[in-house]
Amino acid sequence: MRNISSLICRTAIAEGRAKLNETIQAVIRSVKLDRGVNGEKNRAMALIVQKYGGTSVGSAERIQAVAQRIVETVQAGNALVVVVSAMGKTTDVLVKLAHELSSQPSRREMDMLLATGEQVTIALLSIAIQELGQPAISLTGAQVGIVTEAEHSRARILEIAPDRIERHLKEGKVVVVAGFQGVSATGDRDITTLGRGGSDTSAVALAAALKASACEIYTDVPGILTTDPRIVPAAQLLTEITADEMLELASLGAKVLHPRAVEIARNYGVPLVVRSSWTQEAGTRVISPVPQPRPLTGLEIARPVDAVEFVLNQAKIAMLQVPDRAGIAGQLFGTLATENIDVDLIVQSIHEGNTNDIAFTVDRQATDRAQAVAEAISPVLHDNLNPNSPQVLVAGDIAKVSIVGAGMIGRPGVAAQMFKTLADAGVNIQMISTSEIKVSCVIASADCDRAIAALCQKFEIDTAAKNEGDPQAVSAPAVRGVALDLDRARLAVLQVPDRPGMAAELFGILAVHNINVDAIVQSQRTRIVSGVAMRDIACTIDRSDAAAAKQVLEAASVQLGCGAVVVDESIAKVSIVGAGMIGKPGVAAQMFNSLAAAGINIQMISTSDIKTSCVVAESQGIEALKTIHQAFGLG
């Protein structure tokens with residue numbers, strides 16, 4: 001009897017201690033949560049935003065697995081906001097249903113329809129979390145205060161009112177938010193959707209508004225890889241990548257993160273991590289620079305240009321009528337690298353007949369050596385058959401001016417505004433090179449001050465900065481990743497009058513019709529037609545825009561005095577991206593030589609500080625990607 005009484009007593013004491021311990025832990029979590037959300041005193045508490053894609057929540061079993069991970073994150077002492085996509089292929093099913101009823105369903109009604117997919121997921125996930133004993137609440141985009149433009153199917157976020165989320169977090173709840181959606185700021189406050197990548201965008205925007213410690217993007221791959229693993233199974237996982245590198249890769253077709261999400265992370269300094277939903281591995285960290293203070297109003301429609309940069313004391317070397325065959329660019333830039341000559345911009349224009357032009361810029365101190373290399377290699381490139389045919393032109397007194405900003409991604413017309421601003425200031429553009437977040441123009445040094453002043457005024461930048469390179473590039477590998485874009489077309493306008501303002505006119509017309517351009521190159525040779533010097537201008541655009549772009553430019557070409565408009569849809573663009581390629585001679589040459597060794601001819605070249613892109617035949621695109629990936633030892 002005494003033993004039974006003793007057992008009951010010990011059990012009661014143990015249960016009392018357990019309840020007391022649970023109470024103490026609950027109080028500790030409450031204190032941590034309250035102070036963590038408000039950014040006061042106790043920094044041990046982390047506020048984390050997690051996003052789970054459609055594959056991660058594609059079934060009841062997967063939702064339960066996600067719920068378990070969420071509860072474990074909370075039990076580790078974190079406050080948590082979770083953003084989810086629609087389950088599996090739900091969005092595709094809803095789109096198909098709509099098109100069974102109408103060939104052109106209303107965009108407003110499509111937003112109303114598609115927003116239901118995420119609402120199903122948030123309710124189910126909240127139920128699963130609650131079943132594990134963790135309080136949770138599901139909220140739509142409108143309920144958490146995601147306010148957008150009144151633009152159905154592709155709205156941008158204007159602002160987020162985080163008050164309700166913060167209130168629920170203080171109550172100890174996990175807040176589960178429907179991604180991809182918001183509510184319009186004007187009119188009848190209709191439901192809006194954000195377009196492709198909308199859930200990523202929702203998650204990072206919420207992290208910025210809440211000043212979260214991190215935003216974790218959970219997906220069906222282990223993180224960000226050196227290239228598409230479906231094409232190259234040996235692609236490696238990256239432990240980290242800079243935001244600028246990720247912007248370039250995302251805009252080139254890497255679908256793990258949408259450029260809009262990376263743009264917000266970069267602009268607001270949101271620590272971003274891409275991880276697998278199926279493992280506990282660390283994934284890939286996306287490192288953003290320390291951001292300039294900026295308001296949260298106009299969150300996604302902030303000014304597209306953050307900085308105006310310039311580089312002085314440069315020279316341009318142009319080689320005209322270079323044979324259009326595989327290996328030419330590799331020979332030229334391989335020789336320059338052997339002589340330790342660092343090349344900045346490289347542009348290879350579209351071919352004319354069986355030749356094309358290649359131009360590049362170097363530091364002015366390297367002008368004589370670069371010119372000597374170009375002149376020495378010209379007869380070799382022409383097989384010594386006609387050594388006097390090619391021409392090497394040198395402009396030894398040039399400068400490079402650039403506009404920089406993640407906000408220019410997907411916004412047609414920013415480059416055109418730059419070109420028009422320079423034309424209005426009487427500045428002629430000698431060379432153009434573009435990337436997703438930077439547009440650079442080579443101009444005469446004498447025009448540099450005037451160009452900088454005009455660009456700063458146009459884009460409301462206080463002071464231009466001398467380009468000293470990216471400090472993150474010091475320890476970065478020369479090539480971080482390789483991307484292939486098979487959805488491009490090349491658009492060329494032949495015989496464009498060589499005078500200030502022509503590039504602005506052409507790209508302004510495309511911008512008015514909402515056609516976004518990618519790589520832009522301008523030929524170096526001029527031809528005199530009826531007493532007027534003419535050049536060719538080419539760019540790459542989305543293949544779906546090719547027919548419309550050709551039509552609108554042909555309609556304007558007669559008035560502008562231009563020649564034919566030519567479109568080639570059978571191209572692919574392959575690119576290397578790496579912050580570490582700055583100041584490292586030979587990186588581009590390695591890319592060109594690897595393509596030449598595989599018998600792949602380069603039809604067009606465009607570069608920026610951290611990216612080199614080559615246009616090749618579409619039929620050789622996948623082979624080009626595999627070749628370059630292997631050449632840089634990324635497998």
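List the residues whose amide H sits under 5 Å from the amide H of residue 356, counting only those 5 or more places along or on another chain, with H placed 1.01 Å from N in the peptide plane.
HN-HN under 5 Å from residue 356: 321, 322, 324.
Quick one: Karplus J couplings for the stretch 154-162, per residue in order, coefficients 6.51, -1.76, 1.60, θ = phi - 60°, nearest Hz, x for Gly and Pro?
Rounded to whole hertz, the list is 8, 6, 9, 6, 8, 6, 10, 9, x.
Could you tell me the relative contact order of the stretch 210-288? Use alpha-carbon pairs under 8 Å, at least six residues apart, and round to a whole percent.
Once normalised by length, the contact order is 43 percent.
Obtain the radius of gyration and the Kirkwood radius of the stretch 307-631 from its C-alpha atoms and give Rg over Rh.
Taking Rh as the inverse mean 1/r over Cα pairs, Rg/Rh reads 0.93.
Measuring from centroid to centroid over Cα atoms, what is the spacing of the stretch 140-206 and the stretch 84-139 in Å?
The distance from the Cα centre of the stretch 140-206 to that of the stretch 84-139 comes to 14 Å.
Between the helical axis of 328-338 and the dominant principal axis of the chain, each derived from Cα atoms, what acute angle in degrees is found, rounded to the nearest 10?
80
If you find the alpha carbon centre of the stretch 425-449 and of the stretch 297-335, how far apart are they in angstrom?
Their Cα centres are 10 Å away from one another.
Using Cα centres only, tell me the gap between the stretch 345-374 and the stretch 555-629 in whole Å.
The stretch 345-374 and the stretch 555-629 have Cα centres spaced 15 Å from each other.
Relative contact order (percent) for the stretch 44-287, with alpha-carbon contacts under 8 angstrom and 6 or more residues of separation?
Reported as a whole number, the value is 20 percent.
List the residues whose amide H sits under 5 Å from the amide H of residue 391, counting only those 5 or more places along or on another chain, with H placed 1.01 Å from N in the peptide plane.
For residue 391, the qualifying residues are 320.
Can you compute the helix-only [θ] at 222 nm over the chain? Use -39500 (n - 2.57) per DSSP H run of at least 4 residues, normalise by all residues, nearest 500 deg cm²/dmol.
-11500 deg cm²/dmol
Taking a 31 Å limit on the Cα-Cα distance, which of the listed pairs 438/584; 96/255; 400/573; 316/573; 89/573; 458/626 fall beyond it?
Too far apart for the 31 Å limit: 458/626.
Kirkwood hydrodynamic radius (Cα pairs, Å) of the stretch 44-287?
Evaluated on the stretch 44-287, it is 18.0 Å.
Students often check this: by mean Cβ neighbours within 10 Å, which of 416-429, 73-86, 602-615 ranks highest, and how do the rest follow?
Listed from highest to lowest mean packing, they are 602-615, 73-86, 416-429.
If you average 1/r across every pair of different Cα atoms in the chain and take the reciprocal, what Kirkwood value do you get, in Å?
Over the chain, the inverse of the mean reciprocal pair distance is 26.6 Å.
If eta is 0.890 mPa s and T is 25 °C, what Stokes-Einstein diffusion coefficient results for the stretch 101-195, Kirkwood Rh from Cα pairs, in µm²/s?
176
Would you mind giving the three semi-axes, in whole Å and largest first, of the ellipsoid equivalent to the stretch 488-635 according to its Cα gyration tensor?
31, 17, 14
Suppose each label sits 7 Å from its Cα in the direction of the beta carbon; what would the residue 428-residue 526 distance come out to in nanometres?
The two pseudo-label positions are separated by 0.4 nm.
Tell me, what HN-Hα J-couplings in whole Hz come from the Karplus equation 6.51 cos²θ - 1.76 cosθ + 1.60 at θ = phi - 60° for each residue of the stretch 396-405, using x for Gly and Pro?
x, 9, 10, 9, 10, 10, 9, 10, 10, x
Taking amide H atoms as placed 1.01 Å from N in the peptide plane, list the residues 5 or more away in sequence, or in a different chain, whose amide H sits under 5 Å from that of residue 51.
83, 216, 217, 218
Using 0.36 nm times the number of residues separating residue 154 and residue 547, minus their current alpha carbon distance, what extension gain do you get?
Computed gain between residue 154 and residue 547 is 139.3 nm.
For residue 132 and residue 100 in one chain, what is 0.36 nm times their gap in residues minus the Cα-Cα distance, to one decimal in nm? Walk me through the numbers on the way to the answer.
Values: separation 32, 0.36 × 32 = 11.52 nm, distance 4.03 nm.
Full extension from residue 132 to residue 100 adds 7.5 nm.
Looking at the P(r) of the stretch 283-326, how many percent of alpha-carbon pairs lie beyond 13 Å?
Numbers: 752 of 946 pairs.
The answer is 79 percent, as a whole percent.
With contacts defined as alpha carbon pairs under 8 Å and 6 or more residues apart, what's the relative contact order of the chain in percent?
Computed value for the chain: 12 percent relative contact order.
Return the sequence-ordered ³J(HN,Hα) values of the stretch 527-535 in whole Hz as given by the Karplus equation 6.51 cos²θ - 1.76 cosθ + 1.60 applied to θ = phi - 60°, using x for Gly and Pro.
My calculation for the stretch 527-535 gives 10, 8, 10, 6, x, 10, 6, 10, 10 Hz in order.
Laboratory data are not the source of any read-out in this text; all were calculated from the coordinates shown. Everything quoted here is computed from the prediction, not taken from an experiment. Backbone-built Cβ (ideal geometry, glycine too); neighbour counts: all protein chains shown.
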